[in-house]
Each structure stands twice: as C-alpha cells, then as structure tokens.
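The values are calculated or read from the model by the stated rules, or taken from the named source; none is laboratory data. Every value quoted in this text rests on a predicted model; they were computed, and no experiment measured them. Ideal geometry is used to build each Cβ from the backbone, glycine not excepted, and the neighbour counts take in all protein chains shown.
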Amino acid sequence: MDADVAVASGATGAGGDSDTKAAAHAASGRAVRRRQQLATLLFIAPAIVFVAIFFAVPVVNNIIMSFQEFTTATFYTGEAPWVGLQNYIDVVLDPLFARLTWNTGIFTFASLTVTFFIGLGLALFFDKTFRLSGLLRSLLLLPWLLPLVISAAVWRRMMDEGSGIINQILRAIGLNGVPWLTSPDVALASVVIVNIWIGIPFVMVILYGGLQEIPREFYEAAALDGATGWRAFWFITWPLLRPVVVVVLTLGFIYTIRALDIVLALTGGGPANATQTYATEAYQLSFIGFDFGHGAALSNILIIVSLVVAGLQLRVGRRPNDLAG
Amino acid sequence: MKTSTRRGIAFAVAAVSITALAGCSGGGGGAAPSTEGESIELTAFDYYTDEPSHSTMGDRLSDCAAEVNATIDHQSVPYPQYNPKVLQMVSTKTMPDLLMINNPDLPQFAATGALRDLEKLDVDTDQFLESVLEVGKYEDKLYGLAPNVNSLVLFYNKTMLAEAGVEVPTTWEELGAAAAALTQGDRYGFTYSASTGTEGTWTFIPFLWSNGGSQLELDAPEAVEALTFYTDLALDGYVSKSVVNWSQADAKDQFASGKAAMMINGPWQIPALNDTEGLDWGSATIPVPEAGDTPIAPLGGELWTVPASDADREARSASVVACLNSEDKQLETALTNNTVPSNKAAAEELVAQQPEMASIVETVTTAYPLTGDSGLQWNDVNMALSAAIQAVISGQADAQTALEAAQAEVQG
C-alpha cells in the first residue's frame with residue numbers, strides 16, 4: 001500500500017503534500033522511477049531486438065557481403081576474401097548493366113506514370129456516388145487480391161503468341177497477332193501492361209481515400225463563384241490531394257522498382273535479357289548463380305537508387321498542401 | 001502496483017529471451033558420444049514433395065536404413081527453395097546425414113567441402129555405368145551417386161508422321177526435312193523449350209555436344225553451326241518463336257495437344273503423354289549431325305550425397321546410399337518415376353518391362369553429365385547461352401554474334 005502511494009507521487013512528479021513526508025518520498029520515488037524506466041526499456045526491447053534482427057542485420061550483412069567474394073564455399077568455411085569495390089566495378093562494367101538500367105528505368109517510369117493517371121481517373125470517377133459504385137469499386141480491387149504468381153501465370157497464357165486469347169481476339173477482328181512475350185522489342189511493354197493492371201487498385205484506393213477527406217463545402221463555395229468541373233479539380237481537388245499524391249508516387253515507385261515476382265513469372269527476364277531489371281538480375285546472380293557478392297552489390301545499387309529517388313520525391317512534396325501555401 | 005511493475009519487468013525479460021532464443025533454435029547435430037552399435041536416427045533431405053514420390057522415396061530410405069540399424073527422418077522442401085535451404089544448413093552446420101542434390105548443382109556444393117568422398121567411405125562402384133559415375137564426380141572425387149538418371153530424347157507423334165509419310169529422323173538433315181513436312185496450318189513440325197534458364201539451355205546441349213562443341217568454347221565453329229541449325233528451325237517457321245517463353249512442360253503441352261508433331265523432352269513427361277487420349281507417341285535418340293555420329297545428350301539426375309558428420313553416421317549413411325543404388329531399388333524407382341537405373345542390369349530389366357524407355361536408356365549409355373565440361377562455370381554458361389539462344393530466335397543477332405557475346409560473358 002505504501003509503495004502504491006510512492007509510485008503515484010513519483011509518477012506525477014509532485015513533491016507530496018506534506019514537507020515531512022517529502023524527503024522520504026523523494027528517495028523511494030527515484031528508485032521507483034528508475035525501476036519504471038527499466039520496465040519501459042524492457043518493453044521497448046523486443047521491438048528493438050526485432051528491428052535489429054530482421055532489418056539491421058540483413059542490411060548490414062548485405063553491405064558487407066557486397067565487398068566480399070562470397071560463394072557457396074563461404075557458407076561452409078566462413079571464409080569470404082575481402083575484395084573492396086571489385087564486385088561493384090564488375091557489376092557496373094558488365095555489358096548487361098546498361099541494358100538493366102534502361103529496362104529498370106523504363107519499367108518503373110512507364111508503369112508508375114500510366115498506373116497513376118488511370119488510378120486517379122478511377123478515383124475521381126468513384127468519388128461521385130452512383131448506383132452500384134460500391135460494388136464496382138470492390139471488383140476493381142481484384143487484381144490486388146489475387147496472388148501475383150497466379151495472375152502472372154494467367155496473363156502469360158493470355159499473351160501467348162499462338163494460342164493466347166489476346167491474339168485470337170486481334171486476329172478475329174482482322175489484325176495481326178502481337179508477339180507479346182516472345183519478341184524482345186515488345187516483351188518489356190507487355191510486362192509493363194501487366195504491372196499497370198496490378199498497380200491500379202493500390203493507386204485508386206489511396207487516392208479515393210484522399211478525395212473523401214476534401215470537405216464538400218469547398219466545392220459548394222467554389223460553385224457559387226462559378227468554378228466547377230475542370231476548374232474545381234485544378235484549384236481545389238489537386239492542391240488538396242497533393243500530399244496523398246506524394247505518398248502514392250513514393251510508395252508506388254518503391255514497389256515498382258523492386259518488382260521481381262511479376263517479371264520472373266512472365267518472362268524470367270527474357271527473351272534475351274529484354275525484361276531483365278536490377279531486381280531480377282540480382283536475384284539470378286545470388287540464387288541461381290550462387291554469386292552472392294555480385295548479387296549483393298547489384299541489390300545495394302538498387303537500394304541506393306530507390307533511396308535517392310524516394311528522398312527526392314518526398315523533398316519535392318514537402319509542403320503540406322498547395323492551399324496552405 | 002509494485003508487484004505489477006515487477007511482473008511487467010519479468011514479462012518483458014521473458015519476451016526478450018524468447019525472441020533471442022527463437023533465433024538460435026532448430027540446431028541439433030553437434031558432437032555426440034560414439035553411437036556405434038546402437039540404433040540411431042538418420043536425417044534425409046530431398047525435394048520430392050509430390051506424392052507418391054515422397055512416400056516411395058521415404059520407404060526406400062527406411063528399408064535401406066533398417067539394414068544398418070537406423071531409422072530415417074525424411075524431410076522435403078520444394079525445389080525452388082531447396083538450394084537456399086541447403087546453403088542455410090551448410091552455414092549453420094545442421095546438414096542432414098543424407099542429402100539429395102540435383103546434378104548441375106553438385107560442383108557448387110562439393111566445392112564447399114561439406115560433402116564426403118564416397119570412395120573413401122568404401123562404397124562399391126563397380127556395377128555403375130561410367131557416364132553415371134561422372135555425374136557424381138567433382139574434381140575426380142565421387143561425391144554423389146544417382147540411383148536413377150534421365151536425359152533428353154526426341155518424342156514424335158506417330159499418327160502425324162504416318163500421315164505425312166515421314167520416317168523418324170536420325171540426322172539433322174532428316175530432322176529439318178521432317179519438321180518442314182510436318183508443319184501444316186497452325187501445327188508446327190517440331191518444338192523445344194528455349195525459356196530463360198536451365199530448361200532452355202540444356203535442351204540445346206545435345207545439339208552442341210553431338211556436333212563436337214563445348215560449353216567452354218561457345219564461339220567455336222562447332223557451336224555456331226549447332227546453334228545456327230537449331231535456331232533456323234524456328235526462323236524458318238517449323239518451330240514456334242514462342243519457344244523462348246516455353247518451359248519443357250509448355251513444350252510437352254504443345255506436343256500433347258497436337259500443336260507440334262515432334263519435340264525434345266525428357267522421360268518424366270511420359271506419364272502425362274500416356275494420359276493424353278488419342279495421342280500415339282514414340283521416342284528416339286536425338287538426331288545427330290551426320291549419319292553414324294554418336295548422340296551425346298546431357299545427363300541429369302538426383303544424386304544422394306553424404307555430408308560430413310561423425311565416422312559412425314557417415315559410414316551408415318554411405319551404406320544407405322549404396323543400398324539406394326542397389327539393382328532392385330533402382331528398378332523400383334525407375335518403374336515408378338520414368339527414370340533410367342544407373343545400374344546396367346537394372347537398366348536392361350527396365351527396357352524389358354517398359355519398352356518405351358528403350359530410347360532413353362540408349363541415350364544414357366553415351367550421355368555426359370550436364371556440367372561435365374563447364375563445372376563451376378556452369379551457371380555463367382547457362383545464363384549466357386540461354387540469352388544467346390533467345391537472341392537468335394527472336395532475331396536480335398545471328399548465331400555467330402550471339403555466341404561471341406556469350407563467350408565474352410563466360411570469360412569475363
């Protein structure tokens with residue numbers, strides 16, 4: 001019981017109501033406070049341990065690995081000769097690197113741009129409630145709910161040059177079939193198309209949420225002043241939506257640039273490396289070729305590129321919103 | 001409140017230690033007192049996750065272990081996760097007593113030093129085909145024995161060949177002519193897998209090797225000639241250009257559905273072909289450049305190896321490997337898995353019981369391990385060659401240019 005009082009006064013940080021009791025309370029109060037701080041620390045500790053084990057250790061390991069000649073033998077002997085920047089030099093000077101950079105850039109930029117505009121259009125469309133709009137909106141989430149490997153396998157069948165349904169439709173209306181996944185000139189575009197289809201729900205849901213946050217009164221007031229339609233969008237919706245747009249673009253960028261499963265499931269990086277990106281090549285170096293040093297170097301390059309671009313995006317979008325000034 | 005604070009601390013401490021412990025559990029193995037003469041449990045690890053392969057393998061392992069007074073703890077993970085999982089075991093020193101390895105991966109795992117030389121463990125190798133022993137060797141030491149091996153053969157649709165009046169091709173010239181004659185309407189005369197990665201690469205290897213080429217001299221005339229012949233079949237329209245995106249299973253689907261009259265594939269497709277109604281198929285060794293040449297196809301197979309542990313466990317595991325490779329066990333596996341026994345007598349018995357396996361058994365006798373000439377460089381060769389095949393079929397480069405680039409990639 002005594003201790004309870006001490007804890008109470010210690011916790012509030014007050015000196016106590018009586019001078020005679022104050023000194024005694026202060027001493028036990030300090031001890032209790034220390035104990036509480038210890039308890040606080042111990043409660044945070046699992047989270048710290050978790051972050052350290054599952055995030056810090058792998059990242060640090062990956063960085064160290066990228067400076068070593070790390071092969072399958074390393075797993076047994078533990079010996080990984082230090083090679084400094086050699087892995088990075090090898091990866092960058094590889095004839096394939098320019099191709100990887102181009103593919104990664106086009107894949108990310110094209111996917112993100114088109115996904116964003118279609119997603120924004122759909123979000124604006126569903127912002128006006130109409131009959132069945134809720135049902136339609138949920139149906140549009142389907143690409144997001146399907147396991148990626150399954151939807152990619154279905155797309156692979158649909159895009160087959162000879163028997164795929166897309167080419168059958170094209171031929172039925174008198175057009176030529178397109179070698180979707182089999183021509184190096186078209187394969188990257190095909191992968192981008194599938195990635196757009198997969199990415200739209202994510203963009204739409206977040207932008208739709210952002211639109212719901214904009215007070216309806218703004219539009220009413222603007223309408224009184226004669227601003228409707230396009231002008232309402234440009235002067236009210238867009239400025240107020242911008243913080244959400246920044247989040248969508250930043251997250252979308254990070255999700256897209258590291259996309260691995262969809263490329264592997266559709267083309268495996270082929271034909272003739274036409275769809276090979278940083279992410280797929282890093283995966284293949286490490287887990288197909290067992291060349292962990294080079295794989296780590298390439299994935300670190302990928303991490304640096306994403307960090308720099310994501311950082312720039314956040315910096316550009318720092319203002320809370322355009323109306324705030 | 002005091003007690004509740006204390007309980008809170010205790011709880012937090014427990015949480016931390018559980019988190020920390022979780023990271024170190026799953027160990028096992030380690031130095032144990034000698035187990036000689038006692039009954040022990042051996043662990044076995046493979047990627048036979050499908051039934052009935054998993055149970056039949058487990059039964060064979062248990063039968064063999066019983067002979068050395070041991071029981072088996074048999075575990076399987078799917079192949080895509082298999083190699084990373086094995087590497088994890090290697091680094092945490094929690095290797096199983098019996099480890100199965102897919103033969104192209106053997107050089108990588110043998111190079112780690114984690115596997116024991118089977119000849120030092122007194123495994124008798126007399127009754128094996130020389131080509132099969134080669135599959136389990138790395139730098140002249142025998143690390144693994146494959147109870148059963150497989151390779152690639154030419155499958156053909158008997159009905160379509162008869163309709164077109166075409167004989168089963170045995171040379172490249174005949175193969176080209178047959179493919180042309182069999183290409184009709186939306187049906188292709190021939191098909192193979194040219195997908196990114198090993199499936200696409202090793203389907204081409206019989207053509208490279210039978211022409212005298214080597215995986216380490218990709219820009220040599222023999223290799224260029226082989227790739228030119230192989231890809232011209234697609235460029236001339238006898239093989240669908242979609243093959244760059246077709247796995248061996250896709251190629252089998254095309255063949256089974258009548259969209260291709262011939263294909264290069266492995267005997268593991270036989271059950272699916274037999275299940276296809278109305279399909280009358282046959283198989284033959286892969287056509288060679290000139291009449292009289294020997295077909296050299298790549299050997300594939302799953303090797304059983306013995307990772308280093310203590311003397312008693314290694315000795316018993318080696319006995320299990322030897323037992324798995326005994327004649328009757330091999331025949332049993334072959335009859336259920338459509339593979340070729342590595343024991344000569346068992347192989348002959350298989351042909352007697354399943355005549356459709358004759359061509360594959362014949363192929364195996366002259367076959368060569370897939371990574372036989374490239375060894376540790378196989379992974380580089382695989383990626384570079386796969387890209388070269390795809391580049392030519394998709395019209396990006398001619399065979400000469402594509403293979404020069406591939407050779408530069410392998411050497412660089």
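Looking at the stretch A:141-196 only, could you name the residues that are part of a helix (DSSP H, G or I), surrounded by fewer than 16 Cβ atoms within 10 Å (Cβ to Cβ) and not aliphatic (A, V, I, L, M)?
Once the filter is applied, which keeps residues that are part of a helix (DSSP H, G or I), surrounded by fewer than 16 Cβ atoms within 10 Å (Cβ to Cβ) and not aliphatic (A, V, I, L, M), the stretch A:141-196 yields A:W144, A:R157, A:Q168, A:R171, A:D185.
Regarding the stretch B:165-177, can at least one residue be identified that is among the β-branched types (V, I, T) and without any contact (Cβ under 8 Å) to a residue 60 or more places away in the chain?
yes
Would you confirm whether or not the stretch B:395-403 contains a residue that is at pLDDT 90 or above, surrounded by 21 or more Cβ atoms within 10 Å (Cβ to Cβ) and in contact with a Pro (Cβ under 9 Å, 6 or more places away or on another chain)?
No: the stretch B:395-403 contains no residue that is at pLDDT 90 or above, surrounded by 21 or more Cβ atoms within 10 Å (Cβ to Cβ) and in contact with a Pro (Cβ under 9 Å, 6 or more places away or on another chain).
Could you say whether any residue in the stretch A:225-242 is of a type outside the set (A, V, I, L, M), within 14 Å of another protein chain (Cβ to nearest Cβ) and not in a helix (DSSP H, G or I)?
no
Name the one entry in A:L241, A:L285 that is touching a Gly at 6+ places or on another chain (Cβ under 8 Å), surrounded by 18 or more Cβ atoms within 10 Å (Cβ to Cβ) and at pLDDT below 90.
Details: A:L241 fails: at pLDDT below 90.
Residue meeting the stated conditions: A:L285.
Table: residues versus (1) closer than 29 Å to A:G162 by Cβ; (2) modelled with pLDDT of 95 or more.
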position: B:P221; (1), (2): no, yes
position: B:T228; (1), (2): yes, yes
position: B:L233; (1), (2): yes, yes
position: B:Y238; (1), (2): yes, yes
position: B:V243; (1), (2): yes, no
position: B:W246; (1), (2): yes, no
position: B:D250; (1), (2): yes, no
position: B:D253; (1), (2): yes, no
position: B:G258; (1), (2): yes, no
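So which residues in the stretch A:93-130 are without any contact (Cβ under 8 Å) to a residue 40 or more places away in the chain and either assigned to a helix (DSSP H, G or I) or closer than 22 Å to A:L298 by Cα (or both), if there are any at all? First the steps, then the outcome.
Within the stretch A:93-130, the first condition is being without any contact (Cβ under 8 Å) to a residue 40 or more places away in the chain, and the residues that meet it are A:93-95, A:97-98, A:102, A:105, A:109, A:113, A:117, A:121, A:125, A:128-130.
The answer is A:L93, A:D94, A:P95, A:F97, A:A98, A:W102, A:G105, A:F109, A:T113, A:F117, A:G121, A:F125.
Can you name the number of the only condition in (1) in contact (Cβ under 8 Å) with a residue 12 or more places away in the chain; (2) aliphatic (A, V, I, L, M); (3) surrounded by fewer than 16 Cβ atoms within 10 Å (Cβ to Cβ) that A:A221 fails?
(1)
For A:F287, are the conditions met, namely being among the aromatic types (F, W, Y) and within 14 Å of chain B (Cβ to nearest Cβ)? Talk me through it step by step, then tell me what you get.
On the way: among the aromatic types (F, W, Y): yes; within 14 Å of chain B (Cβ to nearest Cβ): yes.
Spelling it out, A:F287 is indeed among the aromatic types (F, W, Y) and within 14 Å of chain B (Cβ to nearest Cβ).
Of the residues in the stretch B:174-207, how many are more than 18 Å from the chain's Cα centre (by Cα) and either over 12 Å from B:I264 (Cβ atoms) or assigned to a loop (DSSP other than H, G, I, E, B) (or both)?
15
Within the set of pairs 6+ apart or on separate chains, which have a first residue in the stretch B:365-394 that is within 7 Å of chain A (Cβ to nearest Cβ), a second that is outside any helix (DSSP H, G or I) and aromatic (F, W, Y), and C-beta atoms under 9 Å apart?
So the pair list comes out as B:N379/A:F290.
Residues of the stretch B:96-117 being assigned to a loop (DSSP other than H, G, I, E, B), more than 9 Å from every other protein chain (Cβ to nearest Cβ) and touching a residue at least 40 places away in the same chain (Cβ under 8 Å), which ones? Steps first, please.
The first filter runs over the stretch B:96-117 and keeps only residues assigned to a loop (DSSP other than H, G, I, E, B), leaving B:96-97, B:112-114, B:116-117.
This time we only want the ones that are more than 9 Å from every other protein chain (Cβ to nearest Cβ), so: B:96-97, B:116-117.
Scanning the stretch B:96-117 gives B:P96, B:D97, B:R116.
Restricting the search to the stretch B:120-144, which residues are in a helix (DSSP H, G or I) and under 22 Å from B:A346 (Cα atoms)? Steps first, answer last, please.
Within the stretch B:120-144, the first condition is being in a helix (DSSP H, G or I), and the residues that meet it are B:120-121, B:130-135.
Passing the criteria: B:E130, B:S131, B:V132, B:L133, B:E134, B:V135.
Can you give me the number of residues within the stretch B:98-127 that are surrounded by fewer than 20 Cβ atoms within 10 Å (Cβ to Cβ) and either among the hydrophobic types (A, V, I, L, M, F, W, C) or not assigned by TED's automatic domain parsing to the domain that holds B:A311 (or both)?
So the count comes out to 3.
Of the numbered conditions (1) of a type outside the set (S, T, Y); (2) within 11 Å of chain A (Cβ to nearest Cβ); (3) more than 20 Å from B:T228 (Cβ to Cβ), B:A397 satisfies every one except a single condition; which is it?
Condition not satisfied by B:A397: (3).
Looking at B:W304, is it outside any loop (DSSP other than H, G, I, E, B), within 14 Å of chain A (Cβ to nearest Cβ) and under 16 Å from the mean Cα position of the chain (by Cα)? Full working, then the answer.
On the way: outside any loop (DSSP other than H, G, I, E, B): yes; within 14 Å of chain A (Cβ to nearest Cβ): no; under 16 Å from the mean Cα position of the chain (by Cα): yes.
No; evaluated as a whole, the condition is false for this residue.
Given the structure, is B:T71 in a loop (DSSP other than H, G, I, E, B) and out of contact with any Cys (no Cβ under 7 Å at 6 or more places or on another chain)?
Values: in a loop (DSSP other than H, G, I, E, B): no; out of contact with any Cys (no Cβ under 7 Å at 6 or more places or on another chain): yes.
Answer is no for this residue.
I want to confirm something. Restricting to the stretch B:198-250 and keeping residues that are touching an Asp or Glu at 6+ places or on another chain (Cβ under 6 Å) and within 14 Å of chain A (Cβ to nearest Cβ), which single residue is farthest from B:G375 (Cα to Cα)?
Applying the filter and picking the extreme gives B:S242.
Hey, could you check the stretch B:184-197 for residues that are crowded, with 21+ Cβ neighbours inside 10 Å and within 13 Å of chain A (Cβ to nearest Cβ) and say which is modelled with the lowest pLDDT?
B:T196
Filter the helices (runs of 4 or more DSSP H) completely within the stretch B:319-412 down to those with at least 2 residues that are under 18 Å from the mean Cα position of the chain (by Cα) and among the polar types (S, T, N, Q). Even if it seems obvious, please write down each step before you answer.
On the way: elements: B:327-337, B:344-353, B:358-365, B:378-393, B:399-411.
So the answer is B:327-337, B:358-365, B:378-393.
Hey, does the stretch A:76-87 have a residue that's β-branched (V, I, T), in contact (Cβ under 8 Å) with a residue 60 or more places away in the chain, more than 14 Å from chain B (Cβ to nearest Cβ) and in contact with an Asp or Glu (Cβ under 6 Å, 6 or more places away or on another chain)?
Of the residues in the stretch A:76-87, the ones β-branched (V, I, T) are A:77, A:83.
Subset that is in contact (Cβ under 8 Å) with a residue 60 or more places away in the chain: A:83.
Next cut, more than 14 Å from chain B (Cβ to nearest Cβ) only: A:83.
Of the ones still in play, those that are also in contact with an Asp or Glu (Cβ under 6 Å, 6 or more places away or on another chain) are A:83.
Yes: one or more hits.
Any residue at all in the stretch A:281-298 that's in contact (Cβ under 8 Å) with a residue 40 or more places away in the chain, in contact with an Asp or Glu (Cβ under 7 Å, 6 or more places away or on another chain), assigned to a helix (DSSP H, G or I) and more than 20 Å from B:P84 (Cα to Cα)?
Looking through the stretch A:281-298, none of the residues is in contact (Cβ under 8 Å) with a residue 40 or more places away in the chain, in contact with an Asp or Glu (Cβ under 7 Å, 6 or more places away or on another chain), assigned to a helix (DSSP H, G or I) and more than 20 Å from B:P84 (Cα to Cα).
(1) assigned to a helix (DSSP H, G or I); (2) out of contact with any helix residue (DSSP H, G or I) (no Cβ under 6 Å at 6 or more places or on another chain); (3) not aliphatic (A, V, I, L, M): which one isn't true of B:E277, the others all being true?
(1)
Just to be sure before I move on: is A:I53 away from every other protein chain (no Cβ under 14 Å), farther than 30 Å from B:A406 by Cβ and either surrounded by 16 or more Cβ atoms within 10 Å (Cβ to Cβ) or touching a Ser or Thr at 6+ places or on another chain (Cβ under 9 Å) (or both) in the structure I sent?
Details: away from every other protein chain (no Cβ under 14 Å): no; farther than 30 Å from B:A406 by Cβ: yes; either surrounded by 16 or more Cβ atoms within 10 Å (Cβ to Cβ) or touching a Ser or Thr at 6+ places or on another chain (Cβ under 9 Å) (or both): yes.
Answer is no for this residue.
Per-residue answers, yes or no, for (1) within 14 Å of another protein chain (Cβ to nearest Cβ); (2) surrounded by 14 or more Cβ atoms within 10 Å (Cβ to Cβ):
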residue	(1), (2)
A:L100	yes, yes
A:G105	no, yes
A:T108	no, yes
A:F116	no, yes
A:L120	no, yes
A:F125	no, yes
A:G134	no, no
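Looking only at the stretch A:270-280, filter to residues that are in a loop (DSSP other than H, G, I, E, B) and polar (S, T, N, Q); which one of those is farthest from the other protein chains (Cβ to nearest Cβ)?
Taking the stretch A:270-280 as the starting set, the residues that turn out to be in a loop (DSSP other than H, G, I, E, B) are A:270-277.
Okay, now just the ones that are also polar (S, T, N, Q), so A:273, A:275-277.
On the way: A:N273: 5, A:T275: 9, A:Q276: 9, A:T277: 13 Å.
For the stretch A:270-280, the residue satisfying everything is A:T277.
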